[in-house]
Amino acid sequence: MATSVYDEIREAIVVGAIVPGQVLSENQLATDFGTSRTPVREALHRLEIEDLVERLPRGVRVRETSPEEIIDIYDVRITLEGAAARAAAERATELDRRRLRVAQDAMVAAGSDPRQRAETNRHFHEAIWSASHSPTLVDLLHRLNVHLVRYPTTTLEGDDRWTAVLSEHEELLEAIESRDALRARQIAETHMTAAREVRMQMYAEQGGRPTRS
C-alpha cells in the first residue's frame with residue numbers, strides 16, 4: 001500500500017496536479033488517495049529523500065527547484081545522456097532499436113501541442129536509457145528528469161527548436177543502429193547541451209521561471 005500511495009503522490013507532483021510550493025496535509029492526502037495516514041507519511045518520507053518535498057516547521061510542501069539548480073541538473077544530465085547513448089549503441093537489441101524507431105516516428109507525427117511534443121520527446125529519451133541496459137544510468141536519469149518535467153512550459157514550444165530536435169534524434173538513432181558508440185555519445189551530449197542553452201535563454205526571457213524539458 002505504501003508503495004502504491006508513494007507512486008500516486010509522486011505522479012501527481014510530476015504531472016503538476018500537485019504544484020511546486022503547495023503545502024501538503026497528511027490528512028488531506030489520505031482522504032484524496034483513499035488510505036490512512038501511515039502510508040502517506042511513509043510516501044512523503046520517500047519523496048523527501050528524492051528532494052521532491054521538503055519539511056516545514058509544521059507540515060510538508062512540494063519543493064520548488066531554482067533555475068540555477070535545474071541548470072546544474074542539466075550539466076550532469078549531459079554527461080549521463082552521453083553515457084546512455086554510448087551504451088545503447090553497444091548493447092541495444094533488435095527490439096530496443098525497433099522501440100527507438102517507434103519513439104522517433106511518434107515524435108515526427110506529433111503536432112504543435114507543446115505537451116505532446118514534450119511527452120513524445122521524453123519517451124524517446126527513456127527508450128535510449130532502457131536500451132543502455134544500465135540500471136544505474138536509468139535510475140539516475142529518472143531521478144534527475146523528474147525535477148525538469150513537472151513545470152508547465154517546455155523548451156520544445158518553438159518550431160525551429162522542434163525541427164532541430166527531430167534532426168538530432170534521427171542522427172542519434174542512426175548512430176545507435178550502426179553501433180557507432182563514440183558518435184552516439186557525441187551527438188547525445190551536443191543535443192543536451194543545445195537543450196540547456198535553450199533553457200537558459202528561456203529563463204532570461206521569463207524572469208527565471210522553471211520550464212518543462
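No lab work stands behind these numbers, since they all come straight from the coordinates. Since the model is a prediction, treat every value here as computed from it, not as a measurement. A quick note on method: Cβ atoms are made from the backbone with ideal geometry, for glycine too, and the neighbour counts reach across all protein chains shown.
Here Glu64 and Leu182 are evaluated by their C-beta separation; at R0 = 30 Å the FRET efficiency comes out at 0.20.
Hey, what does the equivalent ellipsoid look like for the range 67-213, semi-axes from the Cα gyration tensor as sqrt of 5 times each eigenvalue, largest first, whole Å? Don't skip to the end; give the middle numbers.
Details: eigenvalues 115, 56, 33 Å².
Semi-axes (√(5λ), whole Å): 24, 17, 13.
Under a 5 Å amide H cut-off, with hydrogens placed 1.01 Å from N, Val53 pairs with Glu48, Arg63 among residues at least 5 apart or on other chains.
Let's see if you can work this out: charge +1 on each Lys and Arg Cβ, -1 on each Asp and Glu Cβ, no other charges. What is the dipole magnitude of the range 67-206 about its Cα centre, in debye to the nearest 20? Let's see the in-between values first.
Details: 18 positive and 25 negative charges, 86 e Å.
With Lys and Arg at +1 and Asp and Glu at -1, about 420 debye.
Stretch Ala109-Arg91 to full length: gain in nm at 0.36 nm per residue minus the Cα-Cα span?
Values: separation 18, 0.36 × 18 = 6.48 nm, distance 2.75 nm.
Extra length from Ala109 to Arg91 when fully extended: 3.7 nm.
Highest-first packing order for the peptide set 101-111, 180-190 is 180-190, 101-111, based on the mean count of other beta carbon atoms within 10 Å. Go through Ala194, Ala43, Ala87 and say which Cα lies farthest out towards the positive end of the charge dipole of the chain; charges sit on Cβ, +1 for Lys and Arg, -1 for Asp and Glu. After comparing all options, I get Ala43.
Sorted largest first, the spans of the alpha carbon positions of the range 2-62 along the three principal axes are 26, 23, 19 Å.
For the range 198-203, 3J(HN,Hα) computed residue by residue from phi via the Karplus equation (6.51, -1.76, 1.60; θ = phi - 60°) reads 4, 4, 4, 5, 4, 4 Hz, glycine and proline entered as x. Taking the range 177-206 and a reference point 7 angstrom along Cα→Cβ of Asp160, the backbone N atoms nearer than 20 Å belong to 190-206. Close amide H contacts of Thr154 (hydrogens built in the peptide plane, cut-off under 5 Å, sequence separation of 5 or more or a different chain): Arg212.
Counting only Cβ charges, +1 for Lys and Arg and -1 for Asp and Glu, the dipole size of the range 2-62 around its Cα centre is about 260 debye. Please name which of Val5, His142, Val62 has its Cα lying farthest along the dipole of the chain towards the positive end, using unit charges on Cβ (Lys, Arg +1; Asp, Glu -1) and the Cα centre as origin. It is Val5, whose Cα lies furthest towards the positive end.
What is the local net charge at Val62, summed over the other residues whose Cβ is closer than 9 Å to its Cβ (Lys, Arg +1; Asp, Glu -1)?
Numbers: positive: Arg61, Arg63, Arg150; negative: Glu54, Glu64.
My count for the surroundings of Val62 gives +1.
Computed FRET efficiency, Cβ-Cβ of Glu174 and His142, R0 41 Å: what is it to the nearest 0.05?
Numbers: r = 25 Å, r/R0 = 0.62.
Given R0 = 41 Å and the Cβ-Cβ separation, E is 0.95.
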